[in-house]
Ligand SMILES: N[C@@H](CCC(=O)N[C@@H](CS)C(=O)NCC(=O)O)C(=O)O
């Protein structure tokens, strides 16, 4: 009973954070149509395994929105769901967020929200500098 209440509380807080994040959505970076097309084709091979109300996932989704990346989100919360199974079997752990990158025959699974944010900023922020790591 206590575990269920705790789970409900965490889910509620997560949804509240998601709402606040939505209300305070950061401005998207602007690119020329050609640059955006290039970014789109890179991001086609990426997907984010995530839970809707996980604060760490919200942090990464915020970066993805700000960087204007049309990334596929894969819900890994449903028990027995295909994305949850792939995350565990291929990624190595049921932990979100996880950024999946498919390059040719090679697939990389990147865990840890801060590492994902840093990686995406470094790769896609036109004004990236090592001094700042915006979310
Ligand atoms: N340090 C990690 C923490 C991620 C984390 O704790 N995620 C939770 C969800 S909020 C998780 O995946 N828990 C495992 C589970 O739900 O089975 C990060 O920043 O990405």
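Here, each number is a calculation from the coordinates, and none is a lab measurement. Nothing here was measured: the structure is a model prediction, and the numbers come from that model. Backbone-built Cβ (ideal geometry, glycine too); neighbour counts: all protein chains shown.
If I fit a long axis through the Cα atoms of helix 55-66 and take the longest principal axis of the Cα atoms of the chain, what angle between them do I get, 0 to 90°, rounded to 10?
The angle comes out near 20 degrees.
Express in % the proportion of alpha carbon pairs of region 11-58 at distances exceeding 13 Å. Walk me through the numbers on the way to the answer.
Details: 760 of 1128 pairs.
Everything past 13 Å amounts to 67 percent.
What is the angle, in °, between the Cα long axis of helix 33-43 and the longest principal axis of the Cα atoms in the chain? Nearest 10 is fine, range 0 to 90.
Tilt of helix 33-43: around 40 degrees.
Give the Rg/Rh ratio for the chain, taking Rg as the radius of gyration of the Cα atoms and Rh as the Kirkwood radius, to two decimals.
0.99
Can you put 5, 67 in order, fewest other beta carbons within 10 Å first?
5, 67
If I model a spin label at residue 95 and residue 35 as a point 7 Å from the Cα along the Cα→Cβ vector, what separation in nanometres do I get?
3.5 nm
Counting DSSP beta bridges in region 2-124, what percent are antiparallel, to the nearest 5? Present the calculation step by step, with values, prior to reporting the outcome.
Details: 10 of 14 bridges.
That works out to approximately 70 percent antiparallel.
Can you compute the FRET efficiency between residue 10 and residue 78 using 1/(1 + (r/R0)^6), with r the Cβ-Cβ distance and R0 = 22 Å? Round to the nearest 0.05.
0.85
Express in whole angstrom the spacing between the alpha-carbon centres of region 67-135 and region 35-57.
First find each Cα centre; the distance between them is then 7 Å.
Would you mind checking the tilt of helix 2-23 against the longest principal axis of the Cα atoms of the chain, expressed as 0 to 90 degrees and rounded to 10?
Long axis of 2-23 versus the principal axis of the chain: about 30 degrees.
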